[in-house]
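Asks: My questions will all concern the structure given below.
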Amino acid sequence: MTIQWFPGHMAKARRQVTEKLKQIDVVIELLDARLPLSSRNPMIDEIISGKPRLILLNKADLADSQVTDEWISYFREQGIRTLPIDALSGKGVGKLPEMCRELAGEMLAKRAEKGMQARAVRIMILGIPNVGKSSLINRLAKRSVAQTGDRPAVTKAQQWVKMGDTLELLDTPGILWPKFEDQMVGLRLAASGAIKDELIDFTDVALFAISYMMHYYPERLQERFKLQTLPSDRVEMLEEIGKKRGCLASRGEIDYDKAAELFLRDLRSGKLGPVSLERPADWEMEEPIGKPPSLS
């Protein structure tokens, strides 16, 4: 499955980010807690150019909390502060303003030393499409100021959002890289819903996610689909899902695409429980779990 997706407004967004950075004190990097590295734009380090940074692991309620702790340790080793949140419910978001002021402490101190008038800390929020930027902004602003949706690339323009007298946020469109050189990244993103469904092959993506769950979360599959034992491979597992969910085509054959789509809906909505689709150790594997044979 080769995914290439770099609409013109995303290329424009990168230029806008670079232009606006001079006005920014703190960069908030919003990642999906279920797949932090795969939901991270690889150009971020280059783009933000050493600005103080805070990583937010959004949708933490859908992620495996033990794996999220592994990711927090992973980023801490890189000297980056990390906070798990759920923008929809607001869990963890209350800690954000104070953490941003702490990260901007050096800038605020320099302004005070020079006798300059105090001003709000200016924050830029960066993240790929559908990672929850608009939901976070609305939660922080305590009002609906950013358009939200369950489809990628809802945000199309930049806007400043005031948070009282102490913080100002700059929202930007999501930035997604032009080509997924690592197809595992594409599969993880597709499984999470970060890529438009029209661009993916449901069966390829579902087979990846099923493999991963058979390895790390077999009991979730057994419980959800009422299986006494798991099948021996992922294709058989998809067939079992199809049977359980009534995904039958002509002559009683399994409709694999329909079964795959229903499985992915369950996964994304949390009906399979809190699931992380990658962990730090996965990036060290020569043969990642769930890698389709066709990509070998």
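The values are calculated or read from the model by the stated rules, or taken from the named source; none is laboratory data. Please read all numbers here as calculations on a predicted model, not as lab measurements. Quick reminder, even Gly has a Cβ in these numbers, built from the backbone with ideal geometry, and neighbours come from all protein chains shown. These area figures cover heavy atoms from the full protein model, side chains too; ligands, DNA and RNA do not enter into them. Shrake-Rupley method; radii C 1.70, N 1.55, O 1.52, S 1.80 Å.
Asks: Between Leu238, Leu262, Leu248, Leu277, which is surrounded by 12 or more Cβ atoms within 10 Å (Cβ to Cβ) and more than 16 Å from Asp204 (Cβ to Cβ)?
Replies: From the options Leu238, Leu262, Leu248, Leu277, the qualifying one is Leu248.
Asks: Right, another one. Between Leu262, Leu238, Leu267, Leu272, which is in contact with a helix residue (DSSP H, G or I) (Cβ under 9 Å, 6 or more places away or on another chain) and not in a helix (DSSP H, G or I)?
Replies: Sole residue among the options that is in contact with a helix residue (DSSP H, G or I) (Cβ under 9 Å, 6 or more places away or on another chain) and not in a helix (DSSP H, G or I): Leu272.
Asks: Is it fair to say Ala13 is aliphatic (A, V, I, L, M), open to solvent by 70 Å² or more (accessible area, probe 1.4 Å) and modelled with pLDDT under 90?
Replies: no
Asks: Kindly provide the set of residues from segment 197-231 that are within 21 Å of Gly132 (Cα to Cα) and in contact with a Phe, Trp or Tyr (Cβ under 8 Å, 6 or more places away or on another chain), ordered by number.
Replies: Leu199
Asks: State whether one or more residues within segment 182-205 are assigned to a helix (DSSP H, G or I), over 23 Å from the mean Cα position of the chain (by Cα) and among the aliphatic types (A, V, I, L, M).
Replies: No, segment 182-205 has no match at all.
Asks: Please go through segment 16-47 and pick out each residue that is closer than 22 Å to Glu278 by Cα and modelled with pLDDT under 80.
Replies: Selection gives Pro42, Met43.
Asks: Arg245: under 17 Å from Leu35 (Cα atoms) and either out of contact with any His (no Cβ under 8 Å at 6 or more places or on another chain) or among the basic types (Lys, Arg) (or both), yes or no?
Replies: No; evaluated as a whole, the condition is false for this residue.
Asks: Further question on the same structure: Got at least one residue in segment 153-165 being within 18 Å of Ile48 (Cβ to Cβ), at pLDDT below 80 and of a type in the set (Asp, Glu)?
Replies: No, segment 153-165 contains no residue that is within 18 Å of Ile48 (Cβ to Cβ), at pLDDT below 80 and of a type in the set (Asp, Glu).
Asks: Moving to a separate point now. Just checking, which of Ser211, Ser269 is among the polar types (S, T, N, Q) and buried (at least 18 other Cβ atoms within 10 Å of the Cβ)?
Replies: Ser211
Asks: Quick one: would you say Asp201 is open to solvent by 30 Å² or more (accessible area, probe 1.4 Å) and within 25 Å of Leu37 (Cα to Cα)?
Replies: yes
Asks: Taking the options Glu168, Glu181, name whichever one is more than 18 Å from Thr18 (Cβ to Cβ) and modelled with pLDDT of 85 or more.
Replies: Exactly one of Glu168, Glu181 is more than 18 Å from Thr18 (Cβ to Cβ) and modelled with pLDDT of 85 or more, namely Glu168.
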